[in-house]
Amino acid sequence: SAGERAPGPPLVCPEMERELTENPIFDYLTQIVFRLYEDKRAPQDSPERYRVEVLFSPGASGDPSKTLEEGVSPLEPLRPLHEADQALTYARLQELLSPFTVNGAKSNT
């Protein structure tokens with residue numbers, strides 16, 4: 001059912017979900033970054049071989065008029081969307097994103 005969640009860590013931890021809901025302001029250069037790491041010591045078929053960090057920044061911050069004067073706009077730092085101590089495996093990320101993918105889509109070209 002729609003309310004059920006697969007076992008394992010969520011993509012967005014409750015703290016970040018609350019922050020994004022309370023302050024849904026996304027500015028110039030808003031970023032979502034996926035960092036993929038490989039543990040070559042893990043067996044090839046192990047779900048633990050690939051780990052993914054999902055990071056977010058709401059983008060530019062500060063007074064836009066000062067940006068015009070100085071020519072630089074500071075960016076908010078990247079922060080993990082998930083719990084810092086609960087790394088997502090690549091398999092888990094695929095599982096979490098699968099409801100949003102289109103399987104078997106054909107190109108119009």
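The values are calculated or read from the model by the stated rules, or taken from the named source; none is laboratory data. These figures come from a predicted structure and were not determined experimentally. When we count neighbours, we look across all protein chains shown, and the Cβ atoms used for this are built from the backbone with ideal geometry, even at glycine.
The table for this structure:
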item: Ala60 being in contact with a helix residue (DSSP H, G or I) (Cβ under 8 Å, 6 or more places away or on another chain) and at pLDDT 90 or above; result: no
item: Selection from the range 24-57 of residues that are in contact with a helix residue (DSSP H, G or I) (Cβ under 7 Å, 6 or more places away or on another chain), acidic (Asp, Glu) and part of a loop (DSSP other than H, G, I, E, B); result: Asp39
item: Matching residues in the range 1-14 - criterion: being exposed (fewer than 10 other Cβ atoms within 10 Å of the Cβ) and either modelled with pLDDT of 75 or more or in a helix (DSSP H, G or I) (or both); result: Pro14
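Each row is one residue, and each column tells you yes or no for (1) among the small types (Gly, Ala, Ser); (2) at pLDDT 90 or above; (3) under 16 Å from Pro9 (Cβ atoms).
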residue	(1), (2), (3)
Val52	no, yes, yes
Leu55	no, yes, yes
Lys66	no, no, no
Asp85	no, no, yes
